[in-house]
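Please read the structure below before turning to the comments.
The values are calculated or read from the model by the stated rules, or taken from the named source; none is laboratory data. If you're wondering where the values come from, they're calculated on a predicted model, not measured in any experiment. In this analysis, Cβ positions are derived from the backbone assuming ideal geometry, glycine residues included, and neighbour counts consider all displayed protein chains.
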Amino acid sequence: MAKIPFPTRRVTRARALEELSILERTYPHAVTALDYRNPYELLIAVILSAQCTDARVNLTTPALFAKYPTPHALARAKQHDVEAIVKSCGFYRMKAKNIISAARDLDERHDGVVPREREALEALAGVGRKTANVVMSVAFEEAAFAVDTHVFRVAHRLGLTLGTTPRRVEEDVTKLVPEAKWRFAHHWLILHGRALCKAPTPLCSRCPVAEICPTPPIIAKMNRARASGKR
Ligand code: SF4
């Protein structure tokens, strides 16, 4: 199927709230799929998860943390040793460099403790707003809403945003959700993106939001145009 365009108009606030309420009921126990035992492990796992599945990261991190159980240990690791462990996560040279640098920052500037504050997190090597949001919300239960590729796609398909940047999507969705639920809303959208609202083809016929989502009519229109030979 050709790429499905995102809706060009946002749904009404009432409809957006209804969509989010359905997702909340559908994914009531939404938690991260990344395995971790402490904020350090979560931070490293999130950095490794860029352009990679959480399942793949979970297969990689046990060996990594067995060898480098603390920021102090990872900060002193040899780049090629770390590359060998994280190779299957993709972009392994850059990721190995970033996690060693982040560990060095933690060790030298934060006594080996992952900071809770956004500014301090984003100052760590390899840590951008999305990673900081995940660490804040998952490790420290702070009000933060991370926008990854699933969240970006699902928020658009639901008509919650027209934002062209993750930051804009974050702003639009957080205006719809009480602050206390931001950290859960992130998981509602991710889980829905993985389970049903897949890229490139969403499984709308099985979706609990389908009746009020603006995307099925767009798909139907595309199918009608294809059937009639129009492009
Ligand atoms: S109806 Fe389709 S496009 Fe809309 S949220 Fe569900 S799966 Fe995604």
Can you spot a residue in segment 101-114 that is assigned to a loop (DSSP other than H, G, I, E, B), surrounded by 14 or more Cβ atoms within 10 Å (Cβ to Cβ), over 18 Å from the mean Cα position of the chain (by Cα) and among the hydroxyl-bearing types (S, T, Y)?
no
Here are some conditions: (1) out of contact with any Cys (no Cβ under 9 Å at 6 or more places or on another chain); (2) away from the ligand (no atom under 16 Å from the Cβ); (3) touching a residue at least 24 places away in the same chain (Cβ under 8 Å); (4) assigned to a helix (DSSP H, G or I). L20 meets all but one. Which one does it not meet?
(2)
Evaluate segment 193-201: report whether one residue or more is farther than 25 Å from D54 by Cβ, within 14 Å of the ligand (Cβ to nearest atom) and at pLDDT below 95.
no
Could you list, in sequence order, all residues of segment 147-167 that are modelled with pLDDT of 95 or more and assigned to a loop (DSSP other than H, G, I, E, B)?
V147, L158, G159, L160, T161, L162, G163, T164, T165
Among the candidates L189, L162, L158, which residue alone is touching a residue at least 40 places away in the same chain (Cβ under 8 Å), surrounded by fewer than 23 Cβ atoms within 10 Å (Cβ to Cβ) and out of contact with any strand residue (DSSP E or B) (no Cβ under 9 Å at 6 or more places or on another chain)?
L162
Here the qualifying pairs (Cβ atoms under 8 Å; residues six or more apart or on different chains; first in segment 98-115 and among the acidic types (D, E); second surrounded by 17 or more Cβ atoms within 10 Å (Cβ to Cβ)) come out as D105/L124; D107/P71; D107/A75; E108/A75
If I filter segment 5-49 down to residues being hydrophobic (A, V, I, L, M, F, W, C) and at pLDDT below 95, which single residue comes out as nearest to R157 (Cα to Cα)?
A30
Under 8 Å by Cβ, and 6 or more places apart or on different chains, what pairs join a residue from segment 215-230 that is touching a residue at least 40 places away in the same chain (Cβ under 8 Å) with one that is part of a helix (DSSP H, G or I)?
T215/R157; T215/C204; I219/C204
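Pull up segment 125-137, narrow it to residues that are part of a loop (DSSP other than H, G, I, E, B) and in contact (Cβ under 8 Å) with a residue 40 or more places away in the chain, then point me to the one that is nearest to F184 (Cα to Cα).
V127
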(1) in a helix (DSSP H, G or I); (2) more than 23 Å from A123 (Cα to Cα); (3) of a type outside the set (D, E, K, R) all hold for N98 apart from (2)
Segment 50-82 - residue that is at pLDDT 95 or above and among the polar types (S, T, N, Q) and, of those, farthest from the chain's Cα centre (by Cα):
Q79
For E170: the one exception among (1) within 16 Å of the ligand (Cβ to nearest atom); (2) within 19 Å of R15 (Cα to Cα); (3) part of a helix (DSSP H, G or I):
(1)
Taking the conditions exactly as written (within 15 Å of the chain's Cα centre (by Cα) and either surrounded by 22 or more Cβ atoms within 10 Å (Cβ to Cβ) or not in a helix (DSSP H, G or I) (or both)), does A199 satisfy them or not?
yes
Can you give me the number of residues within segment 202-228 that are assigned to a loop (DSSP other than H, G, I, E, B), of a type in the set (A, V, I, L, M, F, W, C) and more than 8 Å from the ligand (Cβ to nearest atom)?
1
Selection status of A2, free of Cβ contacts under 8 Å to residues at least 60 places away in the same chain and closer than 22 Å to F152 by Cα:
no
Given the criterion touching a residue at least 24 places away in the same chain (Cβ under 8 Å), among the charged types (D, E, K, R) and not assigned by TED's automatic domain parsing to the domain that holds V151, identify the matching residue among K67, K95.
K95
